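The values are calculated or read from the model by the stated rules, or taken from the named source; none is laboratory data. Note that the structure is a prediction, hence the values are computed from the model and not measured. Virtual Cβ from ideal backbone geometry, glycine too; neighbours counted across all protein chains shown. SASA here: full protein model, heavy atoms, side chains in, ligands and nucleic acids out. Shrake-Rupley method; radii C 1.70, N 1.55, O 1.52, S 1.80 Å.
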Amino acid sequence: MDKSWLNIRNRVDQRYRDGVDNFLNWAFSQPTVNTMIRCPCKGCMNTVFKVRVGVRGDLLRKGFWDSYKVWDLHGEVLVRAETSNTAVSDEAEDDSIEEDNIIEMIHDACGYTNVENNNSNNSVDNEEPNVHATKFYKLLEDAKTELYPDCKKVSKLSFVVKLLHLKCLSHWSNKSMDALLSLFKEFLPEGSFMPNSFYEAKKVLCDLGLGYNKIDACRNDSILYWRDYAGVQACPKCGKSRWKSEEHGGKKVAHKILRHFPIKPRLQRLYMARETAKKMRWHKEGNVDDGVLRHLSDSITWKSFDARHPTFSAELRNVRLGLASDGFQPYGNMSSNHSIWLVVLATYNLPPWDCMKNPYFMMTLLIPGLKCPGWSTKGKLAFPCCHKDTQSTSLHSKLCYMGHRRFLPMDHPWRRSRTLFDGKVEMGVAPNPLTGDETLVQLQALGNVSFGKGQKRKLDVHSNAYNWKKKSIFFQLPY
């Protein structure tokens with residue numbers, strides 16, 4: 001049989017589809033076949049028997065198993081010498097490009113291997129793939145495209161990923177990247193797929209989900225220059241200019257920029273793969289309601305939310321997300337006062353063994369700045385776990401936090417030791433963790449504090465607001 005169609009990496013190509021149909025016509029014409037054959041796709045690898053429509057769907061979505069050179073399980077019979085020669089020649093022709101996990105990266109970005117149309121279940125029609133599947137096939141094609149003719153070491157996509165990785169690690173400027181790509185373009189053989197500029201290189205990766213939106217922010221964190229404030233040149237609350245300086249070289253530079261990573265495409269990708277689409281319905285289809293708390297869907301909060309929003313809860317594919325935020329020091333230098341704050345989403349639809357794994361965490365916002373948005377981690381009441389009961393002592397210019405022996409058992413010998421510690425016997429008890437209701441009471445005592453750095457609040461131990469700086473905007477979200 002003609003097997004040249006196996007070398008076509010773009011499974012949307014009509015030649016590949018015709019090759020699949022010809023293979024199925026030949027395989028089902030064998031006298032030993034009734035209604036099912038072994039599926040030779042990359043996922044099944046001849047281990048699962050399926051009907052014709054199922055095999056065709058898998059071959060169009062997953063591709064033909066590369067290691068299956070001689071179709072002896074589907075009726076092909078060759079002399080042993082011919083078999084070995086064919087296998088050797090096919091292996092020589094299929095001197096594949098080193099992929100370096102690029103294919104896995106594409107699967108992670110676009111929904112693993114089982115990319116399919118939104119409305120398909122176990123059947124495949126003749127419609128063209130949707131826009132997301134088309135992007136997936138385009139990335140696969142770039143991952144199999146030689147950087148230049150007869151290049152067996154690296155593909156177009158792999159080269160661009162590695163080059164941009166080096167740019168980030170080495171802090172190359174955009175101008176230097178343009179010059180480097182121009183140099184590569186000049187010396188590589190004619191017909192190479194080398195991008196002409198840094199802008200074109202970024203376009204190759206845009207479908208991997210590595211892009212983000214830039215939103216200018218007020219230098220005092222008062223507003224975002226977005227929607228109604230998109231064209232404003234100065235903050236209407238604090239009056240500070242939006243720009244660091246006036247126009248220089250035809251371009252203005254904002255004081256602060258928020259990076260927004262859209263979540264809608266990533267949520268759509270969760271439903272592009274059959275495995276993850278099934279996992280996204282686990283909270284309703286796979287969970288057992290027997291009174292045991294195994295998953296968030298067993299909690300009172302989840303059930304009360306369903307009762308308040310019956311229309312939302314009736315569609316089990318609707319997504320439930322958990323939001324978390326924390327800050328970190330991006331430069332690994334503790335003496336630097338620069339910090340970055342993250343806003344991360346966790347997908348609660350997934351089963352408990354998946355919902356807290358790294359592949360399903362989604363970073364949505366990257367907030368630059370020096371100040372934390374909530375409880376202050378400096379001063380006399382710095383520890384949120386001890387909150388108002390934090391014990392601190394001033395030693396010259398630094399604060400020392402004491403009271404650690406409170407967490408020991410009451411009969412522990414260290415509680416009575418004076419010489420090993422501060423000369424005192426510790427008979428105090430560990431503070432109770434701060435509950436959500438207590439947090440709301442403390443925030444109510446804080447009063448109305450506007451966003452931004454312009455207003456500072458002095459610590460008042462009599463106000464019951466303790467070390468809270470302001471009420472986070474997260475409290476305005478519906479829960």
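How much length, in nm to one decimal, is gained on full extension between residue 227 and residue 251, taken as 0.36 nm per residue of separation minus their Cα-Cα distance?
Working: separation 24, 0.36 × 24 = 8.64 nm, distance 2.12 nm.
Result: 6.5 nm gained on full extension.
Checking the cross-link filter: which lysines have an alpha carbon closer than 22 Å to that of residue 303, excluding same-chain neighbours under 8 positions apart? Filter leaves 278, 279, 284. Taking 7 Å steps out from each Cα toward its Cβ at residue 342 and residue 14 produces label points 4.8 nm apart.
Where does each of 66-73, 17-24 land if you order them by average Cβ count within 10 Å, highest first?
Working: 66-73: 14.5, 17-24: 16.9.
Descending mean neighbour count gives 17-24, 66-73.
Once both labels are positioned 7 Å from their Cα atoms along Cα-to-Cβ, the gap between residue 328 and residue 22 label points is 5.2 nm.
Express the carbon and sulfur contribution to the solvent-accessible surface of segment 341-447 as a percent, rounded to the nearest whole number, probe 1.4 angstrom. Show your work: numbers first, answer last.
Numbers: 4190 of 6710 Å².
Reported share for carbon and sulfur atoms: 62 percent.
Based on protein heavy atoms only, segment 169-319 ends up with 66 Å² per residue of surface accessible to a 1.4 Å probe.
Could you order peptides 9-16, 433-440 by the average number of other Cβ atoms within 10 Å of their residues, highest first? Let's see the in-between values first.
Details: 9-16: 15.2, 433-440: 11.6.
Result, highest mean Cβ count within 10 Å first: 9-16, 433-440.
Among 138/167; 237/470; 138/162; 69/162; 244/264; 162/202, which pairs are too far apart, with a Cα-Cα distance over 21 Å? Let's see the in-between values first.
On the way: 138/167 24 Å; 237/470 17 Å; 138/162 19 Å; 69/162 32 Å; 244/264 32 Å; 162/202 12 Å.
Violating the 21 Å limit, Cα to Cα: 138/167; 69/162; 244/264.
Note on residue 145/residue 284: beta-carbon distance plugged into 1/(1 + (r/R0)^6) with R0 of 51 Å gives a FRET efficiency of 0.75.
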